[in-house]
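The values are calculated or read from the model by the stated rules, or taken from the named source; none is laboratory data. All of these numbers come straight from a predicted model, not from anything done at the bench. All Cβ positions, even for glycine, are placed from backbone atoms using ideal geometry, and neighbour counts span all protein chains on display. Just the protein is used for accessible areas: all its heavy atoms, side chains included, with ligands, DNA and RNA removed. Shrake-Rupley method; radii C 1.70, N 1.55, O 1.52, S 1.80 Å.
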Amino acid sequence: MKGVAVITGAASGIGRGMAERFAAEGMSVVLADIEEEPLAKLEANLRAKDATVLSVRTDVSNTEDVENLAAQTLDAFGEVHILCNNAGVVCSRPIWEHTVTDWEWVLGVNLWGVIHGIRAFVPRMLAQETECHIVNTASILGLVRGPGEGIYKVSKHGVVALSETLADELAHKGSQIQVHVLCPGWVRTGILDSTRNRSGVESHHHRQHITESRNVRAEMESGMSPDEVAEHVYNAIQTGTFYIHTHPEHKAWVRARMEVILG
């Protein structure tokens, strides 16, 4: 696989796994993240392995930042072949207790980040008239229901619906752009500490609340490695798979929800 891959949320977790996987295939990689120090460290690590790398500090909730990311990518490489809208955050409390700023923060990154990515990159990809892929990171929680992680679920259900519609519209147009939606289960990432990138007095409260709720941290730390998730993504791009399930056993949750819907 050759070409140019753009990954948001690239400095850690699943994003870092995908960046390393694509670089190992000889692709040029564009790393986007809000955290400058880890971003620079990953860039240096990949360059040490002879990868071609461009890093761009990006707040995906900001439309100008994402437009700048697209412009810098095209200025540097002329084309883009894989776009991974991957950046994500979480905060957790009963859904009626969430503040307006909670909603704005999580939806701004998780859902608007994907929206901004699509708006900035899809017209450029269409103009290329080459085979391209878009991987939008959702979650198994974007396919099921249940208590907890309310805003996160809303954002990820939105990413799934957005990805489905985008895929159908591009197919109807006869485009060479293929869309994929990543729906992982537990993965060893730093998302539980994502409040480190949130300004304001509420950050510490959310970090404490997430850590203590249902021992989520222990479940995540025993989860799949980001490298394994990246391999699932790479294989899905090769096979044209739309829904990327990292944990096939979780399909039972999806089936149960569908059966309730159908009555």
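Here's how it looks for GLY3: its modeled amide H is under 5 Å from those of SER28, which are all 5 or more places away or on a different chain. Taking the DSSP beta bridges with both ends in the chain, the antiparallel portion is around 0 percent. Can you give the Rg to Rh ratio for the range 1-124, taking only C-alpha atoms and Rh from Kirkwood? That ratio equals 1.01. Over all other residues within a Cβ to Cβ distance under 14 Å of VAL144, the charged ones net out to +3, with Lys and Arg as +1 and Asp and Glu as -1. A simple rule links phi to the HN-Hα coupling: the Karplus curve 6.51 cos²θ - 1.76 cosθ + 1.60 with θ = phi - 60°, which for the range 242-247 gives 7, 7, 9, 9, 7, 10 Hz, with x for Gly and Pro. Relative to the longest principal axis of the C-alpha atoms of the chain, give the angle of the C-alpha long axis of helix 13-24, reported between 0 and 90° and rounded to the nearest 10°. Helix 13-24 and the main axis of the chain meet at about 20 degrees. Measuring with a 1.4 angstrom probe and ignoring ligands and nucleic acids, THR246 comes out at about 10 Å² accessible. In the chain, the longest principal axis of the Cα atoms and the axis of helix 150-173 are about 40 degrees apart. Largest accessible area first, the residues GLU164, GLU149, GLU36 order themselves as GLU36, GLU164, GLU149 under a 1.4 Å probe with ligands, DNA and RNA left out.
Only Lys, Arg, Asp and Glu carry charge here, each on its Cβ (+1 for the first two, -1 for the last two); on that basis the chain has a dipole of about 500 debye about its Cα centre. Here the sum of -39500 (n - 2.57) over DSSP H runs of 4 or more residues, divided by the residues of the chain, equals -16500 deg cm²/dmol at 222 nm, to the nearest 500. Across the chain the C-alpha pair distances fall into 10 Å bins from zero in the proportions 7, 32, 38, 19, 4, 0 percent. The residues neighbouring GLU231, those whose beta-carbon lies less than 14 Å from its own, together hold a net charge of -2 under the Lys/Arg +1, Asp/Glu -1 convention. Note that the chain presents 46 Å² accessible area per residue, ligands and nucleic acids not counted, probe 1.4 Å. Computed from Cα atoms, the angle from the helix 63-77 axis to the main principal axis of the chain rounds to 30 degrees.
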